[in-house]
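Student: Below is a structure I'd like to ask you about.
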Amino acid sequence: MMKMEIWQKRYPDIGFFLSFFPYKKRNLSRDSLRLEKWLQEQNLAEVEVLYVIGLIGFALPKILLNWLAEKKQRALIFVEEDLGAFAAFQGEEMLLNPQIHFHYAQKDSIDALAEMFPIDRLAIFEGKPFDAALLKRKAATISALYSDVLYSHAIVENVLTNFTRLSGCFDARGKFENIPAVICGAGPSLSKTIPVLKEVSEKALIFAGGSAITALTRFGVQPHFSMALDPNDEEFDRLRQSCYFEGPFLFAPRLHRDVFCVMNGPFGYLKSDTGGLIEQFFEKELGISGEAVGPDLGPEAFSVTTLMVAHAFAMGCNPILFAGVDLAYTGNARYAKGIEAEETGADDPRALEERLLREDIHGNEVATLLKWVMEADCVSAFAKKQPQVKFFNCTDGGIGFAGMKNVPLSEALRSIPPQDLRGRIHQWIQSSPLQFKEKKLPDLVAHLEASLKRCETLCVEIIQLLENESQSGKLALCQSDFADEKAYSILLEGIDIALTQILFRYYPHLDPQEGKRASEIAKYRELKRQIGMFSDILQKQRIPCTNIS
């Protein structure tokens, strides 16, 4: 097959530009040593997608060929912005390898690549200047969203279980206008702030989330509000270690359902849009209205710390202060003393865990992680958009926040008069029960279960039609009926989208149509498996209902 025919078949856009647009052939680099040296420095065993920026004029190093051959889902992507380089490219063997992809970099190229290859285990060789950090951030952010979707059965089980516990909860959307808020993290510098935190509990609302709850309570500080939202077992383990048994506990419905076994509350329902479409569905049907807290910060900043910031802002707190939010390895430690947590290695291949060197607030070099830099950037951007509220970083270390003044906590609260904040909180909780239509819940679960059963029947039929290579209109009709089901839109649509984006790597094929058919069969088989898991969860949550059709 001639090279132009290959371009036109596999990459019609590149073939079109080469056929009809002017270009000047470029001399491609024939020096393989730089790439080979870089490859030796990478932990390739943990990399799933590898980018080479700029086309090459030499054969692929053997280490790359072996890496591709080990796993069919691995992908090598060449990114090139010069049309003349494609014209000069002679590597027909690479063009005929379905695991090797070519991308003509034009406008919004990084966004396009992140959407095509949404993964956080990637490496980027910059043969030409390129914003590798931005691609890592965007690809990792989308990967995290897809991961939540593909493993959403855990979140769905938490949401369903926690919605059965709403009776007796209070509405967390209180108002504490112009009351200072201290957002506490579990960073290494937290211990330096403990004496001051003990003194200011009548001057400012102290918020603690996740590991910070354990850290503060072990130091003898009882926060005014604790907050948690993680659906995984690690969150349960963290909170089980804390000494915070009684006190206002704000939770998002996605929170691990067993956390309630180690906390006495009172419990405040946090409308946060973090539990997926099933959370939004139940909120709408049960009449839990109002704006969600947190979406303004964006997906890059999704953490309990940023959610506490958004919640304090929504409550009207002013100023908003940060303590123990290092977002760095201050003193080569990740957490405050006393926190037991699994540490990631320095060679962790996940993009968000990439270690970087930055200048801390004292002008010294400190190690941090890409995800922490992203979090700091988002908090800085949020603070900049709220000029009516004062934000101060009172963390004695770490990378700080751009545009935010660094001030000792005692100085930031010196002029604030004390008041009975715990008494005010108690009064607010007693007068703010969560309002929702509790009696509707059993019927909603039953209707969702019935719709899921219809999805399973349709999914089996779709798989049979695809395997038989049916070209009749019946396949399209079944797929349409499948997509019309309520259970599809609430539980399966996100999984469908994520699988469509991911599975093509697992079924590499030179013929796009043949590759698509194989990945479609695999997609519906996986959807059928997911339906089975959701069915088991719904059966466990089954409660007597009034009627179902």
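Each value in this text was obtained by applying a stated rule to the coordinates, not by laboratory testing. Because the structure is a prediction, the values reported are computed rather than measured. Note that we place each Cβ from the backbone using ideal geometry, even for glycine, and neighbour counts take in every protein chain shown.
Student: Looking at the stretch 3-130 from every direction and averaging, what is the projected area of its Cα convex hull in nm²? Write out the running numbers ahead of the final one.
Tutor: Values: hull surface 30.4 nm².
With the hull built on Cα positions only, its mean projection is 7.6 nm².
Student: Follow-up. Compute the length gained on full extension between HIS362 and LEU33: take 0.36 nm times their separation in residues and subtract their Cα-Cα distance, giving the result in nm to one decimal.
Tutor: Here the answer is 114.4 nm.
Student: Separate question: Return the long-range amide H neighbours of LEU205 (sequence gap of 5 or more, or a different chain), with a cut-off of under 5 Å between placed amide H atoms.
Tutor: The answer is ALA181, VAL182.
Student: Among residues other than ALA75 whose Cβ falls under 12 Å from its Cβ, what is the net charge (Lys/Arg +1, Asp/Glu -1)? Don't skip to the end; give the middle numbers.
Tutor: On the way: positive: LYS71, LYS72, ARG74, ARG121, ARG505; negative: GLU48.
Net charge around ALA75: +4.
Student: Going by alpha carbons, how many degrees (0 to 90, nearest 10) lie between the helix axis of 512-540 and the longest principal axis of the chain?
Tutor: 30 degrees
Student: Kindly rank 438-451, 463-476, 75-88 from highest to lowest mean number of other beta carbons found within 10 Å of each residue. Can you show the working numbers first?
Tutor: Working: 438-451: 17.4, 463-476: 12.9, 75-88: 19.6.
Output ranking for 438-451, 463-476, 75-88: 75-88, 438-451, 463-476.
Student: Karplus couplings for the stretch 134-139 from phi (6.51 cos²θ - 1.76 cosθ + 1.60, θ = phi - 60°), rounded to Hz, Gly and Pro as x?
Tutor: Per residue, the Karplus-derived 3J(HN,Hα) values read 5, 4, 4, 4, 5, 5 Hz.
Student: Follow-up. How much net charge surrounds PHE58 when only other residues with a Cβ under 13 Å from its Cβ are counted (Lys, Arg +1; Asp, Glu -1)?
Tutor: Details: positive: ARG30, ARG34, LYS62; negative: ASP31, GLU36, GLU93.
Surrounding charge for PHE58 is 0.
Student: Still on this structure, I have one more. How long is the gain from GLN280 to VAL47 if the chain were fully straight, where each residue apart is worth 0.36 nm and the alpha carbon distance is subtracted?
Tutor: Details: separation 233, 0.36 × 233 = 83.88 nm, distance 3.54 nm.
That pair, GLN280 and VAL47, stretches by 80.3 nm at full extension.
Student: Okay, next question. Longer than 30 Å from Cα to Cα, which of LYS24/LYS516; LYS175/LYS437; LYS138/LYS271; LYS136/LYS384; LYS107/LYS405 are they? Say none if no pair is. Mind showing how you got there, number by number?
Tutor: Details: LYS24/LYS516 35 Å; LYS175/LYS437 24 Å; LYS138/LYS271 26 Å; LYS136/LYS384 25 Å; LYS107/LYS405 37 Å.
Violating the 30 Å limit, Cα to Cα: LYS24/LYS516; LYS107/LYS405.
Student: State the extension gain, in nm to one decimal, for the chain segment bounded by CYS261 and ASP536, taking 0.36 nm per residue of separation less the distance between their alpha-carbons. Let's see the in-between values first.
Tutor: Values: separation 275, 0.36 × 275 = 99.00 nm, distance 2.25 nm.
Extending this stretch completely gives an extra 96.8 nm.
Student: A further question on this structure: Provide the three semi-axes, in whole Å and in decreasing order, of the ellipsoid equivalent to the chain as defined by the square roots of 5 times the Cα gyration tensor eigenvalues. Present the calculation step by step, with values, prior to reporting the outcome.
Tutor: Working: eigenvalues 414, 229, 65 Å².
Semi-axes, largest first: 45, 34, 18 Å.
Student: Can you give the charge dipole size of the chain about its Cα centre, rounded to the nearest 20 debye, using +1 on the beta carbon of Lys and Arg and -1 on the beta carbon of Asp and Glu? Spell out each step's value before the answer.
Tutor: Numbers: 61 positive and 72 negative charges, 110 e Å.
The calculated dipole for the chain is roughly 520 debye.
Student: If you don't mind, another one. What does the net charge come to around ASN318 if you take all other residues with beta carbon closer than 14 Å to its beta carbon, with K and R at +1 and D and E at -1? Each step should come with its number before you reach the end.
Tutor: Values: positive: LYS175, LYS203, LYS390; negative: GLU177.
Cβ neighbours under 14 Å give a net charge of +2.
Student: Got a sec to turn the phi values of the stretch 199-214 into Karplus ³J(HN,Hα) couplings, 6.51 cos²θ - 1.76 cosθ + 1.60 with θ = phi - 60°, whole Hz, x for Gly and Pro?
Tutor: 8, 9, 5, 9, 10, 8, 6, 9, 9, 9, x, x, 4, 5, 4, 5
Student: Just rank ILE416, ILE320, fewest to most, by other beta-carbon atoms within 10 angstrom.
Tutor: On the way: ILE416 15, ILE320 26.
Placing the least packed residue first, the sequence is ILE416, ILE320.
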